[in-house]
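Visitor: Got a structure for you, questions after.
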Amino acid sequence: MSKPEMSRLMPVEEAMERLMNLAAAAAITERETVTLAQAQGRVLAQDLVSTLDLPPWPNSAMDGYALRVADWTGEPLPVSQRIFAGQAPEPLQPGTCARIFTGAPVPDGADCVEMQENAEVLADGRVRLLHALHRDQNIRPKGQETTVGDTVLQAGTVMTPIEMGLAATLGMNVLPVVRRARVAVLSTGDELIEPGQALGPGQIYNSNRVLLCSWLEWLGCEVIDAGILPDDLDKTRAALGALGDVDLILSTGGVSVGEADFLGHALREEGEIALWKLAIKPGKPLTFGHYRGVPVIGLPGNPASTLVTFALLARPYLLRRLGVQQVRPLSFKVPSGFVWSKPGTRREYLRGRLEQGRVVAYRNQSSGVLRSAAWADGLIEVIEGTTVAEGDLLNFIPLSEVMG
Ligand code: AMP
Ligand code: MG
């Protein structure tokens, strides 16, 4: 590709920046309250602030004996009480120790816990502690996890099982969350039929529909599955008109150059649509526009292109609309297990995986081959204009980073 042609392609970072700005301008701010059990995958609508000191009192990190360091002389001490988790102890009598179990409150007057392995219980019930003691040893201090007023989780956090566990430690059983995004999914193309039907001449099964609908559900969206749109203007108009109230229209196919552009035509009648030619492979053509004020993202139709552009562009856009700040997938540098000798004009996202500490790419990187992604554990980023020798460090984005 010649230089001027290259410069017409929009770099991935620029597309990302544009999408982030568009998303911020169309933020979904309506909120609702859900129970903790219903909060999985939802986006917190406000900071979670602790109303508790946790733990509320110093407690024992060990099964053993609580005492005052100053009372230790190496001589045996009588045991004045037994304290289990869930009990409220009496203040410690001077010159004694208390039998104590993990998680039990440390009694007032005690300032250390010795583990039972370092104690010798005598026939008369007294206990000899074998080693010198330090103040605060084996005591989990009050407020070690949180103190009253701490912001424990920020608005915009996605509730995974970990955040749900944390909310539970704070005693919260209802949470303010952003309402779910409503996303309509359209698959375009006369050649498409649904799995379960017999293939006719020239037909292929619609893979993008189930790929995107199930992915969106994993992301916590409400999915409006609008099925297959034939390459026909009237039917396209009718399908768009029937979508109802949605936050995003996500289509696949129909954006390749030279195609009879029915979706684009119908969208332009009631909005606008721009074709972005991205410096990304797979997935060069992407459209962004509005239909009756509703944002529309048109992903390229080849399944691997749909996957890569959804993962890297549409998914972060959608999450940002919900107020999520951390929308970029984590990636890490891994040595290459392959050679890339021809610099590309677009940033390539090879479907690949780790083998013996090196990333290797699936043998067929055609954008029509979804098996590449099923074989892969992640996307290997090869920057435009560069070559790669074995052992060079490449960015690897695990697919698990973008699936949830
Ligand atoms: P298009 O952008 O409509 O020209 O589609 C590009 C390629 O992706 C063509 O080979 C289409 O047949 C294929 N394709 C489009 N939509 C889908 C779909 N939903 N499922 C599987 N393949 C598709
Ligand atoms: Mg098509």
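Visitor: Write down the Å³ per residue value for the convex hull defined by the alpha carbon atoms of the chain.
Guide: Values: hull volume 84.0 nm³, N = 404.
Per residue, the Cα convex hull of the chain comes to 208 Å³.
Visitor: For the chain, which whole percent of the accessible surface, found with a 1.4 angstrom probe, sits on carbon and sulfur atoms? Provide the component values of the computation, followed by the final result.
Guide: Working: 10100 of 19330 Å².
Using a 1.4 Å probe with all protein chains present, the chain comes out at 52 percent carbon and sulfur.
Visitor: Suppose the chain between residue 82 and residue 222 were pulled fully straight at 0.36 nm per residue; how much longer would it get relative to their current alpha carbon spacing?
Guide: Numbers: separation 140, 0.36 × 140 = 50.40 nm, distance 5.40 nm.
Result: 45.0 nm gained on full extension.
Visitor: I would also like to ask the following. Length gain on complete extension for the stretch residue 130 to residue 51, per 0.36 nm per residue less the alpha carbon to alpha carbon distance?
Guide: On the way: separation 79, 0.36 × 79 = 28.44 nm, distance 4.09 nm.
Stretched out fully, the residue 130 to residue 51 stretch lengthens by 24.3 nm.
Visitor: Also, quick follow-up: Counting DSSP beta bridges in the chain, what percent are antiparallel, to the nearest 5?
Guide: Working: 54 of 79 bridges.
Bridges in the chain that DSSP calls antiparallel: roughly 70 percent.
Visitor: Over all pairs of distinct alpha carbons, what does the Kirkwood formula give as the hydrodynamic radius of segment 59-140, in Å? Could you put the intermediate results ahead of the total?
Guide: Values: mean 1/r = 0.0830 Å⁻¹.
Here the Kirkwood hydrodynamic radius works out to 12.0 Å.
Visitor: While we're on this one: Calculated from DSSP H runs of 4 or more alone, at -39500 (n - 2.57) each and per residue, what is the 222 nm mean residue ellipticity of the chain, nearest 500? Write down the numbers at each step before the final one.
Guide: Working: 10 runs with 80 residues, N = 404.
Rounded to the nearest 500, the figure is -5500 deg cm²/dmol.
Visitor: Under 15 Å Cα-Cα from residue 142, which aspartates and glutamates qualify once same-chain neighbours fewer than 8 residues away are excluded?
Guide: Hits, sequence-local ones excluded: 53, 108, 111, 150.
Visitor: Another question, if that's okay. Hey, how many Å between the Cα centroid of segment 117-196 and the Cα centroid of segment 27-82?
Guide: Using only Cα atoms to place each centre, the spacing works out to 10 Å.
Visitor: While we're here: Mind jotting down the three principal axis lengths of segment 332-403 based on Cα atoms? Whole angstrom, largest first.
Guide: 27, 27, 20
Visitor: Determine the shape class of segment 164-319: with a ≥ b ≥ c the square roots of the Cα gyration tensor eigenvalues, call it rounded for a/c under 1.5, and otherwise prolate if a/b is greater than b/c, oblate otherwise. Before the final figure, lay out the partial values.
Guide: On the way: a/c = 1.83, a/b = 1.66, b/c = 1.10.
Taking the square roots of the gyration eigenvalues as a ≥ b ≥ c, segment 164-319 is prolate.
Visitor: Here is a further query. In straight Cα distance, which lysines are under 26 Å from residue 342, not counting same-chain residues fewer than 8 positions off?
Guide: 3, 277, 281, 284, 333
Visitor: In addition: Taking a probe of 1.4 angstrom, what is the accessible area of residue 235 in Å², to the nearest 10?
Guide: Per-residue accessible area (residue 235): approximately 120 Å².
The values are calculated or read from the model by the stated rules, or taken from the named source; none is laboratory data. Note that this is a predicted model, so its numbers are computed, not measured. Accessible surface is based on the protein model in full, side chains and every heavy atom, while ligands, DNA and RNA are left aside. Shrake-Rupley method; radii C 1.70, N 1.55, O 1.52, S 1.80 Å.
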